[in-house]
Amino acid sequence: MTDRRSFLTVLSAALAGTLGPPAAFAARGTAPSVRAEPTIFRANPDGRQVLVRFYVTGVDAPAGRLRVYDQRRRLLGTAGVIRSGEALYGELWLPLEVETTVQSELESPGVRGVLRSSHRLRPQQRWTVFWITVGDPRALEAELEQLSPVRRAVQAQIYRDSGVSANPLPLDEALDVSDHVTFLRMVRGAQRVEQRYGIPAGIAAVSTSAEALPPNVLLALTGSGIRLALHSWHGAPPLEWYEAPDGARVLAAAIPPRGHPRDLGFAASQDEMTRRVERWLTTTPLLLSPALGREEGLAFVVNTEPDDTQPAMLEAVRQWNQRFAYPRIVIGAGEELVAAIDGRRSALIPVAPGSYHAHDTLPDAAAMAAIVSLRAAERAAHAGRALQTLSERLGSAGRATPSERYDPHVALRSVAAQIPTTLPGTLVFNPSPYLRTDVALLPDGTEQVVTDVPELGYAFIVDQPRGAASSERLVAGADTPSNTLAGAHLRLELDPRSGAIGSLVSVPDGREWVRPGSDGLNAIPGSIVEGLAHETIPGVGTRLVARRWSPARGDVRTTVTVYDALPWIDITNDAAAVGERAMEYLFAFDLPGARAMWEVPAGHEDATAPVYYVAHLRWLTVSSQRGAALFRGLDAPFVSVMQDGTVLAHGPRGRVRYRLSVTSDPVDPTLATRFGWGAEPLLAARVDRQPTGRLPRHGPLVVVDQPGMAIVGLKPADDGNGIIVFVQELLGSSRFVTLGESVLTFQSGRRVDYLERDLGEVSDVPGGVAFDIAAWGVVAVRLLDVGLRSA
């Protein structure tokens, strides 16, 4: 045997009894043929060489030799082809930048002479795969903080080297019940991880949900500089625009199915990884390039749970990139990702963002109580941060302990000590962005109506003589006139058997708001009244207190208050229920064909009833052609609204408070927001005689000059340079707004994002600063050189 052809002839003869003669193929009518298929793989360094696979059929030999030439008969490469199933298989790296014709020559036992074939080869597109690993900021912090300092530094370095970043979108179910500023600053968690551990904050928000991101989340992301979101595929195109309520846009890319590094063999052998990645890129219909017809395709491999296998997968990716120029795997989501998809923006049109967030199931009683505690803490922090801006300038903030720093009661006492007065009285602070007349609980435990307390400000009221409250205890079930409470705006009657509100009438028009034949308002299924008391609060209103019991819910103490001159009623339920289920209170309003609208952090949602298990932040409206009911569950954010106008309020055991009002007029978000904020308790601190003080006796901290605007947050700046004010637009109209001085003075201002990073100048105007605000938007402004207006 002097050459390769003689060797193959002998080998074919030796195996003839095993594989059968070439005649067997001829008998099946199969003529020898060669097929060429370019793959997605390109060789380093520049990707001009493409891996081409060749399949030879109709040949009964175990192997053969294939030469490939260009059209000028220049040899491009030689490959051996060996048996693989029903065909011979071989592969070659060939230069293939554009569509090209090549010639192949096959020599194999059983083939007479040389089998020449012509192949028209079209290169497949180049692929760049971005491997994005994000961790939830809270989980990363918890993991790292439990380690010793040395191990913490090592683990943080491993995460940095592995391309791990902190997810700007925290995977926190409590976000939808967070207060406005907490919600808007959701990216703060990722920023904090970067500052503490050097693990970078991600430039792309990654959602594990298959639902589109809701509008208020888009607002929070764009307001913190995030313009790209990756989400599980939900049936939409692979790349699309989402538009936030203020018109800002987020580019949303779908994470394709099976787009997890373990699914693609990053933790397996190199051969297995090659097979899986190729199959994924060539068979998945949701990758970006096929949808947009571009030369270079983009794909995302996303891991939201970094673990100990991260270094091994990182090494596998490095070896991959040494083998192939394309598909190229880029570790991490950096500026290259933004640049790669930036050119695709012009091909897109904005699409509607996701709808409201409804919970599939309700939290149990314990989880509900935790949410209520969180909301109470955030309400206190909202007031505490605002008052801190005063106490810092009074010099009293430095004397507070860390636990007292944002305690609103501690801060208010320091402010009260600077009110000049020769008469004793009370300093009342209003944490809402609206001027209010409401009932304040004074430090001595009495209640008093206070008028015109400034928005996000305070008023000093001099002590006034008050009459003593009276109380009358009634026999349970007695049908007496004392079951009725009446004020200037509302009249109600308590059902003496169940303790629910059986009738609610608006006095000016005589309209009944309880649906006939229903269980009434604040109903507990199966409840009975075991005791009833009537109280009169001079100058405030009247109150019924009912002791109720039901077989399923146990004892509930219900207090219902109708005010002499205020247009709402307040309800408090103290439940000692047993079991793990949340409490449920039924409010059967006579509003058929109802539509619900409710506040969410940094915005509002609306939907035609029924809606189930939604969380309202401060207000809910239920409206129909017959009018509207305004509803606030101060300790019970979760509600369901039925088509007949019934509100089912889901609350924890213990105390839950509701405020109700009704109107025959249309309700817009501004009116609803004013109502909802009005249920925030006023804060009060005692003021003794003190002839000198540094503060005026009355005023808001700062002011906005237009209706339909609300200051939803005011806080000391994180870096100590000035204060940050968050202003929300509520009428859906873009405009130019002035933020002015009042109790707090300032020299200038700068616009900042929600993470307090500078965005540029605002316009200086006499006594304030002015800036543009988009419809439904929230603007953050840093006020500089802040001082106090003298008393």
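The values are calculated or read from the model by the stated rules, or taken from the named source; none is laboratory data. Values in this document were obtained by computation on a predicted structure and should not be read as measured data. Note that each Cβ is placed from the backbone with ideal geometry, even for glycine, and that neighbours are counted across all protein chains shown. Only protein heavy atoms, including side chains, enter the accessible area calculation; ligands, DNA and RNA are left aside. Shrake-Rupley method; radii C 1.70, N 1.55, O 1.52, S 1.80 Å.
Worth pointing out:
- Qualifying residue in the range 92-101 (condition: among the aliphatic types (A, V, I, L, M) and in contact (Cβ under 8 Å) with a residue 60 or more places away in the chain): no
- Per-region count, the range 514-533, residues at pLDDT 95 or above, closer than 14 Å to I571 by Cβ and assigned to a loop (DSSP other than H, G, I, E, B): 1
- Any hit, the range 237-258, residues being assigned to a helix (DSSP H, G or I), of a type in the set (G, A, S) and either surrounded by 14 or more Cβ atoms within 10 Å (Cβ to Cβ) or modelled with pLDDT of 90 or more (or both): no
- Some residue of the range 494-512 being open to solvent by 30 Å² or more (accessible area, probe 1.4 Å), among the small types (G, A, S) and in a strand (DSSP E or B): yes
- Complete set of residues in the range 534-544 that are assigned to a strand (DSSP E or B), open to solvent by 10 Å² or more (accessible area, probe 1.4 Å) and either over 25 Å from T437 (Cβ atoms) or not aliphatic (A, V, I, L, M) (or both): H534, E535, T536, T542, R543
- S790 meets the conditions (1) within 33 Å of the chain's Cα centre (by Cα); (2) at pLDDT below 95; (3) open to solvent by 30 Å² or more (accessible area, probe 1.4 Å) in every case but one. The failed one is (1).
- Residue ID - nearest to F726 (Cα to Cα), chosen from residues in the range 600-654 that are among the aromatic types (F, W, Y) and open to solvent by less than 10 Å² (accessible area, probe 1.4 Å): W619
- Of residues in the range 748-784 being under 19 Å from P700 (Cβ atoms) and part of a loop (DSSP other than H, G, I, E, B), the one least open to solvent (accessible area, probe 1.4 Å): G767
- Residues of the range 382-410 that turn out to be over 17 Å from G787 (Cα atoms), buried (at least 19 other Cβ atoms within 10 Å of the Cβ) and modelled with pLDDT of 90 or more, as a count: 5
- Pair list, Cβ under 6 Å, 6 or more apart: the range 546-569 residue at positive phi, other residue aliphatic (A, V, I, L, M): G554/A576; G554/A577; G554/V578
- Being in contact with a His (Cβ under 7 Å, 6 or more places away or on another chain) and either surrounded by fewer than 22 Cβ atoms within 10 Å (Cβ to Cβ) or of a type in the set (K, R) (or both) is a property that S209 has.
- Taken over the range 206-218, the criterion of being aliphatic (A, V, I, L, M) and more than 10 Å from the chain's Cα centre (by Cα) is satisfied by V206, A210, A212.
- Residues of the range 708-737 that are in a loop (DSSP other than H, G, I, E, B) and touching a helix residue (DSSP H, G or I) at 6+ places or on another chain (Cβ under 7 Å): G708, L730, L731.
- If you filter the range 666-693 down to residues that are more than 30 Å from V779 (Cβ to Cβ) and part of a loop (DSSP other than H, G, I, E, B), you find that the one that is modelled with the lowest pLDDT is P691.
- Residue in the range 624-645 that is part of a strand (DSSP E or B), at pLDDT below 90 and over 26 Å from the mean Cα position of the chain (by Cα) present: no
- N721 meets each of the listed conditions (1) farther than 14 Å from V703 by Cα; (2) open to solvent by less than 20 Å² (accessible area, probe 1.4 Å) apart from (2).
- Residue that is nearest to G297 (Cα to Cα) [pool: residues in the range 75-114 that are buried (at least 18 other Cβ atoms within 10 Å of the Cβ) and touching a helix residue (DSSP H, G or I) at 6+ places or on another chain (Cβ under 8 Å)]: S108
- Beta carbons closer than 9 Å, at least 6 apart along the sequence or on distinct chains, pair a first residue in the range 644-657 that is within 15 Å of P610 (Cβ to Cβ) with a second that is among the acidic types (D, E) and open to solvent by 40 Å² or more (accessible area, probe 1.4 Å) for L648/E584; A649/E584; H650/E584.
- Answer from A370, A352 - the residue that is surrounded by fewer than 19 Cβ atoms within 10 Å (Cβ to Cβ) and at pLDDT 85 or above: A370
- When V614, V578 are checked against the criterion of being in contact with a Phe, Trp or Tyr (Cβ under 8 Å, 6 or more places away or on another chain) and either at pLDDT below 90 or among the β-branched types (V, I, T) (or both), V614 stands alone in meeting it.
So that you can scan it fast, the table gives a plain yes or no per residue for (1) touching a helix residue (DSSP H, G or I) at 6+ places or on another chain (Cβ under 8 Å); (2) open to solvent by 20 Å² or more (accessible area, probe 1.4 Å):
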| position | (1), (2) |
| --- | --- |
| R116 | no, yes |
| Q125 | yes, yes |
| I158 | yes, yes |
| S178 | yes, no |
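- Scanning the range 191-204 for residues that are of a type in the set (A, V, I, L, M), surrounded by 24 or more Cβ atoms within 10 Å (Cβ to Cβ) and under 15 Å from R227 (Cβ atoms) turns up just one, A204.
- Scanning the range 578-592 turns up at least one residue that is in a loop (DSSP other than H, G, I, E, B), surrounded by fewer than 23 Cβ atoms within 10 Å (Cβ to Cβ) and of a type in the set (K, R).
- All positions within the range 682-712 that are buried (at least 19 other Cβ atoms within 10 Å of the Cβ) and closer than 16 Å to L442 by Cα: L682, L683, A684, A685, V687
One line per residue, one yes/no per condition, for (1) at pLDDT below 80; (2) more than 19 Å from Q124 (Cβ to Cβ); (3) assigned to a helix (DSSP H, G or I):
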residue	(1), (2), (3)
T274	no, no, yes
E278	no, no, yes
T282	no, no, yes
D307	no, yes, no
M313	no, yes, yes
W320	no, no, yes
I329	no, no, no
L337	yes, yes, yes
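- Condition met for E143 (open to solvent by 50 Å² or more (accessible area, probe 1.4 Å) and either among the acidic types (D, E) or part of a loop (DSSP other than H, G, I, E, B) (or both)): yes
The rows are residues; the columns are (1) touching a residue at least 60 places away in the same chain (Cβ under 8 Å); (2) of a type in the set (V, I, T).
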{"position": "D665", "(1), (2)": "no, no"}
{"position": "D668", "(1), (2)": "yes, no"}
{"position": "R674", "(1), (2)": "yes, no"}
{"position": "L683", "(1), (2)": "yes, no"}
{"position": "V702", "(1), (2)": "yes, yes"}
{"position": "P707", "(1), (2)": "no, no"}
{"position": "Q728", "(1), (2)": "yes, no"}
{"position": "R735", "(1), (2)": "no, no"}
